[in-house]
There are 2 protein chains.
Amino acid sequence: MNAEIICVGTELLLGEILNSNAQFLAQQLASLGIPHYYQTVVGDNPTRIKKVVAIACDRARLLIFTGGLGPTPDDLTTETLADFFQAPLAERPEIIADLEQKYAHRGGFSPSNRKQALLPVGADILPNPIGSAPGMIWQPRTGLIIMTFPGVPAEMKQMWHDTAVPFLRSQGWGKEIIYSRVLRFWGIPESVLAEKVAAQIARPHPTVAPYAGNGEVRLRITVRASNEAEAQQLIRPVEAEIRQIVGLDCYGADDDSLAGCVATLLQQRQHTVAVAESCTGGGLGELLTRIPGSSDYFRGGVIAYANAIKVEVLGVNSEDLEREGAVSATVAAQMAVGVKTRLGSDWGISITGIAGPGGATLTKPVGLVYIGVALPEGEVITREFRLSAQRGREWVRHLSAMNALDVLRRQLLSQV
Amino acid sequence: MNAEIICVGTELLLGEILNSNAQFLAQQLASLGIPHYYQTVVGDNPTRIKKVVAIACDRARLLIFTGGLGPTPDDLTTETLADFFQAPLAERPEIIADLEQKYAHRGGFSPSNRKQALLPVGADILPNPIGSAPGMIWQPRTGLIIMTFPGVPAEMKQMWHDTAVPFLRSQGWGKEIIYSRVLRFWGIPESVLAEKVAAQIARPHPTVAPYAGNGEVRLRITVRASNEAEAQQLIRPVEAEIRQIVGLDCYGADDDSLAGCVATLLQQRQHTVAVAESCTGGGLGELLTRIPGSSDYFRGGVIAYANAIKVEVLGVNSEDLEREGAVSATVAAQMAVGVKTRLGSDWGISITGIAGPGGATLTKPVGLVYIGVALPEGEVITREFRLSAQRGREWVRHLSAMNALDVLRRQLLSQV
C-alpha cells in the first residue's frame, strides 16, 4: 500500500502560493508509516487532472487530493474524478443541510455553493467542520482509495486529523511508524562527515543520510518501528556511535540550535554573557535573545560599528586599532574583554570582520572574521575565519554569528 | 513548448522541507511566459526517477530538475538521467578545476566531490558560482531540454538567474513577459488599504491585487507586455494613483525594505543613527546593517537587556526606571537620548517591550512595546504599540524592530 499526494490548483503552477499542504501530508503519511513515492501538482484543468489520475492509479493505491473543491467554476476536482471513473454525481442532503446551517446567519448559502453538495455515488462524505467544502473518501474500484480535501490548509488539516487518520487506522495503517531523528553539526564539511560515518550510512536499518543547508550539516537517522519508544530504542545506539566518532562537531539534535546549546550551557553554570559586535551589527545578540528566558544569561551588548565606539565604549586601545586594523585578532580580543568588563558579565564574546561587499584590503579580504572570547577567569582566546565572500554579505554575517556561538559553545564544554 | 518542474529528494517525501524551489521556478516560468502544467516530486531512487522522466518526456519539452546533485551516494539525479538516455558520463576538467579552487583553503576537495564533475557527454555545464554542485543544460534528444540544479535554494536561484534565464531567452522564450511591481506598505491594515484602492483593484489591466504577510501589506500591479520598458510604462500611472491615495503608508516597492528607506533618508541628510535595544536584543541593529555601506549612517548601539545596563551604560535614571518600569515611554525616551549622546550620533532610537512568553504584569501585557526617537535638535518622541502576543515571541520582536524603523522613517520624512 502506498500513497500519492496530488495538489490541484493553477495558483500553485503560477507560484502564487507555497505548497505547504504537500509538506503537511508528507509528514503525516511518514508518521503513519504509509510509504509515498510521488507528489504531483496539476492545474485546474479536467483533461490534465484525468491524465494525472491515470498515472497515479498505476503507481499508488491511496490518492490524496487537495484543492479544487470550492464553489467557483474552476473548482473541478470532484466532477473530474467522477467523470474519470464514470460514476454519476448525486446531491447529498446531509451536505445541503450542513451548508444551510453554516450560512444561516448570511441568509442562506449561495447557488454556487450547491455544487459542493454533489459527490460521486458510493463516496463517503469527509466532513469539513470549518469551511463550506466537504471532501470525500471513495473506493471507485477494488484496491484504490481516493480522498479529497480543500486547498485551505486549516480546513484540510482539521479534516485530516478528525476523519482521515481514524479511517486510515481502521484500515490497518499506522501500525508501523517511520520515525526520524536529525543530528546537527557545526564546523565539519558534509563530505568529511559522510566519510567519517560511511559505515553507518552503508547500513540498511536504521538508515543514516547526510544533508546540508544554511551553513550546517545534518544526519537523518530513520527507522521503521511499531511505536515511538521502539523507534527511539533502535535509534539510540546508532546516535551514540555517531556522536562517539564525530565528537564535539555534533552540537545537538532535532530542534536544537547553537544559540540554544550555548543558553543551556550558560544556565547550567549560572553564567552570563555579553556581546561586542561589529560586522554582525546585533545579529549575535538577536540569536541569543530568541530563546525565551534569555535574560537569565544574556546581559546585553555593544554594537561597536564605528571604530570610535570600539575605543570609547569598549576601551579598545586606539594605537593597537590603528596598527592592526579593526579586523584583527588583537581588536577582537580587546572587544571581548571590554564588553565583559563594561557590562559585568562572566563571558564576553566579540565579532569583527569584513562582511563586504566593500571594505576589503590587499591583505584583508571580504569574509575575514575574528571572534574573541573572554573567559570568566580572565583568559581571552581568538579565532580567525575565512568565509566565502561569494555568497554575499548576509551569508558572511550569518556564518560569523553562528561561528561565534560555536566558539563559545566549545569553550563552555571544555571547561567542564 | 512547455515545462515540467521535477524536484528530487527523499526529504521532500518525508515532509522535512517545504518545496520552495517549485514555487520559485513556477514564478520564474510564469514571468518568462513559459507554460508549465505539472510539477512532480520523487525520492532519491533511480528506478522511480526514471519512471518520472519517462512520463515527463511525454508531456513536456523542458524538464527542470532540482536536487540530487550533491557529493553523497544518495545524490543520483545526474547518473540516473545519463542512464535513462543511455549517454556515457565523462569527467569534466573545468569542474575539477573549479572544485580545486573552491576547496583550496581546505587543502583540496574530498574524493566524494569528484563525482560532481561527471556529466553526460554532450551536456553543457550549468555553473554553480556558490556551491560545489554544478548543474547541466542538456539536449539528450531533439526537442527535449533538461536542466538540473542543486536543491539548495540560494545556489539554484543564482544559477537560474545567471545562466538558465539567458539561455532560455536565447532560445526565443520570454518574448511576451508578465511583469509585476509590488508596492509595500507599513502601518495600514489590508482591509483598509483594499477599500482605499478599490477602484484600482476593479480594473482589468494592469491588475492590482492586495496580499499580506510577515506583518506588512503589499499591492501587486501586474501587466502583460512585450518588454520591460513597455510594462513599466503601463504600471507607472497606476502606481502614481495609488501612492497619491495612500500617502506615507506606502514606504516603497519591490525589494525596498524599511531599513533601506531609513538608510537612504539618513544618507541624503548625511546623518547618523545609533540604537538602544532591549527586547529585540540586537535585531534592529542587525536590520540596519544588512545594507552594504551601512557604516555611512550607522554608528552602533547598546543592547541594554539587563536593567543595570540601561542605567549604567545608557544613563537611564534609576528612580524613573524603578517607578515607571523598564517597559515605559519614559525609559524608552531616556534610552534613545542616552544612546545618541553616548555614541555621538545625530539620531537615537530605542526599543523596550515585553516579547514574552514571560515578563507580563497585570498592567503590562506581552506585546506592549515602546519606541523612542531622539531627534537631532534635542527633541524626543515616543510611540506605544500593543502587538498581538498570540503569534509568539519572535513575532513581537520582529514587529517591534520594524515599527521602530517605521517611526524613524516618518520622523525623517517629516523633517524635509
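The values are calculated or read from the model by the stated rules, or taken from the named source; none is laboratory data. It should be emphasised that the depicted structure is a prediction, and the values quoted were computed from it without experimental measurement. Here Cβ is always computed from backbone atoms with ideal geometry, including for glycine, and neighbour counts include all displayed protein chains. Keep in mind that these areas ignore ligands, DNA and RNA; they rest on the heavy atoms of the full protein, side chains included. Shrake-Rupley method; radii C 1.70, N 1.55, O 1.52, S 1.80 Å.
Tabulated data for the structure shown
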| item | result |
| --- | --- |
| Inter-site label distance for B:Q267 and A:E312 at 7 Å from Cα along Cβ, in nm | 2.4 |
| For A:Q171, label point 7 Å along C-beta direction: distances to other copies, nm | 3.9 |
| Distance from region A:223-300 to region A:1-35 (C-alpha centre basis), Å | 31 |
| Per residue accessible area of region B:16-59, 1.4 Å probe, in Å² | 35 |
| The protein assembly as shown - share of DSSP beta bridges that are antiparallel (%, nearest 5) | 65 |
| Accessible area, probe 1.4 Å, largest first, for residues B:T222, A:T363 | A:T363, B:T222 |
| Listing of region B:63-89 residues, each with accessible area lower by at least 40 Å² in the full protein assembly than in the chain alone (probe 1.4 Å) | B:T72 |
| Per-copy distances of the A:R106 label point, shortest first, in nm (7 angstrom along Cα→Cβ) | 5.6 |
| For region B:263-416: accessible area per residue (Å², 1.4 Å) | 38 |
| Rg/Rg_globular for the protein assembly as shown, with Rg_globular taken as 2.2 N^0.38 Å and Rg from C-alpha atoms | 1.01 |
| Hydrodynamic radius (Kirkwood) for region B:86-185, which is based on Cα pairs only, to one decimal in Å | 15.4 |
| A/B buried area, accessible surface, summed, 1.4 Å probe, Å² | 5800 |
| Cα point-scatterer Debye curve for chain A, base-10 log of I(q)/I(0) at q = 0.06, 0.12 Å⁻¹ | -0.40, -0.97 |
| Translational D in µm²/s for region B:3-170 (Stokes-Einstein at 37 °C, 0.692 mPa s, Kirkwood Rh from C-alpha pairs) | 205 |
| Of all accessible heavy-atom area on region B:3-170, the percent that carbon and sulfur account for (1.4 Å) | 52 |
| Longest exposed-site-free window of chain B, the sites being GluC sites (Glu not before Pro) in a DSSP loop that have at most 10 other C-beta atoms within 10 Å | B:1-376 |
| Alpha-carbon centroids, region A:306-332 and region B:193-214: separation in whole Å | 52 |
| Rg(Cα) / (2.2 N^0.38 Å) computed for region B:256-350, rounded to two decimals | 1.08 |
| Options B:L265, B:P88, B:N317, ranked by Cα towards positive dipole end of chain B, top entry (Cβ charges) | B:P88 |
| Entries in A:K50/A:K157; A:K115/A:K175; B:K310/B:K364 that, when Cα-Cα distance is taken, lie over 28 Å | A:K115/A:K175 |
| Residues of type lysines that B:K51 reaches as a straight line, Cα spacing below 18 Å, ignoring anything fewer than 8 places off in the same chain | A:K51 |
| Apportionment of accessible area to carbon and sulfur, region B:177-253, percent (1.4 Å) | 52 |
| 1.4 Å probe, heavy atoms, protein only - residues of region B:267-315 losing at least 50 Å² accessible area vs chain alone | B:E286, B:T289, B:R299, B:I303, B:Y305, B:I309, B:V313 |
| DSSP-defined beta bridges in chain A - what % are antiparallel, rounded to 5 | 60 |
| Among A:L99, A:P140, A:A123 - extreme Cα towards positive end, dipole of region A:93-183, charges at beta-carbon | A:P140 |
| Inter-label distance, nm, simple model (7 Å from Cα along the C-beta direction), A:S112/A:R386 | 6.3 |
